[in-house]
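Derivation of every value follows stated rules applied to the coordinates shown; laboratory data play no part. Note that the structure is predicted; figures quoted are calculated from it, not measured. Cβ: placed from backbone, ideal geometry, glycine included. Neighbour counts: every protein chain shown.
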Amino acid sequence: MQRRMSLAGTTGVLDGIQAAAVPVRRRRLRLLPYALLAPSLLFLVLFTYLPVARVLVESLYDKPHGTGAATTFVGLGNYAKVLADPAFRQAALNNLIYAVGVLVPTIVLALAFALAVQRSTRFSAVLRTVFFFPSLVPLVAAASLFFFIFLPRVGLLDYYLAKIGLHGPNWLGDSDVALWSVIGLTVWKNAGYYMLFYIAGLQNVPRDTIEAAMIDGANAWQRLRFVILPALATTTAFVVVIALIQLLTNVDHVIVLTRGGPSNATNLLLYYIFQSAHENFEYGKAAAATLMSVAVLLAISLGSMRVMERGARGNG
Amino acid sequence: MRMRKHLPAALLAALLSAVAFLWASPFLWTLIASFRPESAGSAGMASLWPDFKPTLENFRNALDSGSFGLYYLNTLIVVVGVLAVQCVTVSLAGYAFARLRFPGRDVLFYAFLLQLMLVPPALIVPNLSTVVDLHLYDTLPGVMAPYFASAFGTFLMRQTFLALPRDFEEAAAIDGAPWWAIVWYVLLPMAKPGLIAFAIVSVTAHWNEFLWPLMVISSPDNQTLTIGLAAFTRGAEGGKEWGVLAAGTLLVMAPLAVAFIAFQRRFVDSFVFSGVKG
């Protein structure tokens, strides 16, 4: 909204001055903006627009790998195949559980962390660093660390659980537990990143509103529930959107830790796409699945724009 | 708040310290394990207590077992290459959107916006076909190409340029300076904070990237750090090699970690900006 306003408000003072001074250059300047955008547009077309068109077409054909058989038009056949594939259904369901399972605890933790470290003391600065640090390391490195944390019997988790007399499950080998282990890793990795947005958001909560609530006798919980949380609604909407996009497009840890297993228990949409294309060479299926995930991404983004516009209006 | 400062505040601090310790424990453990001699055996490998004489053996083994030097170099080439091209594309496009008026500007602006939603990882399959068609398969430029245009960077530079006063440019224009001289000598020096913020986000993203290079690269000579580390992790068997793997993981994380600790404020600001804008 602000973006659109500033777009319309930019007047070409510079253009005017130059037009008066050098009329010939003015004509060449008319093409200048397009020339400046050309390099970016070239790569946007090649790697954002063309691929969408490409999957749109490729998803309609069957292109057998390595057999030399001809490519045949199969219409919506690939979509039917993907939708009927138990692995795809499992991956879609897993991704949903994974998204909700990560989103809820990360947001609660991110907000709690932000509230805890918002004061500018030495102690808070150290805590901020500790909480944020996991989001700076490669997901692959986090997966390496957790590979050993989850190691049966000798890993960090089982070692310390044993000390207090508990016996953990096979964190990555048990198909009932594995997805939750992956969720745990992701919560640890992402919470500190979203904390940053809440810290920034908290700085915009009007101090006098909080003080007024205190004078009216609101306790800490009431201040959080009725003053701080509503003021953070836009921040939360932002965090939900970037989190959802992240949760649909990051599978590095799945590749390193579980390869989607055991028995598809940790298969996620992008891993399914990766596997179809990179390991099974089923391009038609991979294209159809890609297009479906693109549709979900667009739906999230477009839906979020409306939510955020409403949020912005609600906040005045 | 002031009244009940003592006991609850101390309790809160204790609780926070405990959570922070829990949060940091994977890193603490990695640090300790990487200096633990192999003779300590796998039974006590999970211990967080450094009850041994520290050794650099694990780092030596990690550096020997993988081609870490080569992986560092490849990652560095990708990160610097992407950033160098991006700096040009986003500065030019950011300038066009911030300072020039032309038909179709809003439409083109939305055309950029779409890249924030259709992030490259979602399009790995068709992009791989494009990279193959361009004869860039198994090359580092193939890894870099999808990132040469950056919607996020363009918006960031546009915002940065919009926030700059116009007086200097107008003075330069009256003196007859061409547009490129205005961008290069007047605007970019003032826009440095924006470029640095963008650079931090870009470098972090591409240093850490895994899935796309994994698909594009096939020969060992072109592998990046994350691919090497993943192969290393999958090759590790049980607790025995944890020391070496811990050392390897630290080596992969170290450059960004050091940069972060040195420039914390800048990192945090850049990341907040990156999220808010896309």
Checklist line | Helical mean residue ellipticity (222 nm; -39500 (n - 2.57) per DSSP H run of 4+; nearest 500) of the protein assembly as shown | finding: -22000 deg cm²/dmol
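Using a 10 Å cut-off on Cβ to Cβ distances, tally the other chain neighbours for every residue of A:266-275 and report the average as a whole number.
On the way: counts 0, 0, 0, 1, 5, 1, 0, 5, 6, 0.
Mean shielding count: 2.
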Notebook entry, point to check: Binned at 20 Å from 0, what are the whole-percent values of the Cα-Cα distance distribution for the protein assembly as shown, short to long?
Noted result: 18, 50, 29, 4, 0
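B:ASP167 to B:PHE21: FRET efficiency via 1/(1 + (r/R0)^6), r the Cβ-Cβ distance, R0 41 Å, to the nearest 0.05? Please list the in-between numbers first.
Values: r = 53 Å, r/R0 = 1.29.
After rounding, the FRET efficiency stands at 0.20.
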Checklist line | For segment B:58-144, average projected area of the Cα convex hull in nm² | finding: 8.5
Note to self: Tell me which DSSP H helices of chain A clear both cut-offs, 18 Å or more of axial length from alpha-carbon atoms and a mean Kyte-Doolittle hydropathy of at least 0.5.
What the structure shows: A:23-44, A:86-117, A:178-203, A:233-249, A:283-314
Next item on the list: For A:ARG122 paired with B:ILE196, estimate the spin-label separation in nm (one decimal), with each label point 7 Å from Cα along the Cα-to-Cβ line.
Entry: 2.6
Item checked: Spacing of the two label points (7 Å from each Cα toward its C-beta) at A:LEU224 and B:ARG60, in nm -> 5.2
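So if R0 is 22 Å, what FRET efficiency would B:ASP133 and B:VAL88 give, r being the distance between their Cβ atoms, rounded to the nearest 0.05? Don't skip to the answer; put the middle values down first.
Details: r = 24 Å, r/R0 = 1.10.
Result of the calculation: an efficiency of 0.35.
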Margin query: With viscosity set to 1.002 mPa s at 20 °C, what whole-number translational diffusion coefficient in µm²/s follows for chain A from Stokes-Einstein and a Kirkwood radius over Cα pairs?
Written below: 90
Check: How are the Cα pair distances of segment B:152-226 distributed, in percent, across 10 Å bins from 0?
Finding: 17, 33, 21, 17, 11, 2
Notebook entry, point to check: If you take the beta carbon distance between A:ASN280 and B:ALA181 as r and set R0 to 60 Å, what does 1/(1 + (r/R0)^6) give as a FRET efficiency, to the nearest 0.05?
Noted result: 0.65
Notebook entry, point to check: In units of 2.2 N^0.38 Å, what is the alpha-carbon radius of gyration of segment B:80-277?
Noted result: 1.22
Next item on the list: Would you please give the residues with an amide H less than 5 Å from that of A:TYR61, counting only those at least 5 places away or on a separate chain, with H modeled from the backbone geometry?
Entry: A:VAL74
Checklist line | C-alpha long axis of helix B:225-235 to longest principal axis of chain B, angle in ° | finding: 30
Margin query: Using only the alpha-carbon atoms, how far is helix B:124-133 inclined from the longest principal axis of chain B? Give it as 0 to 90 degrees, nearest 10.
Written below: 70
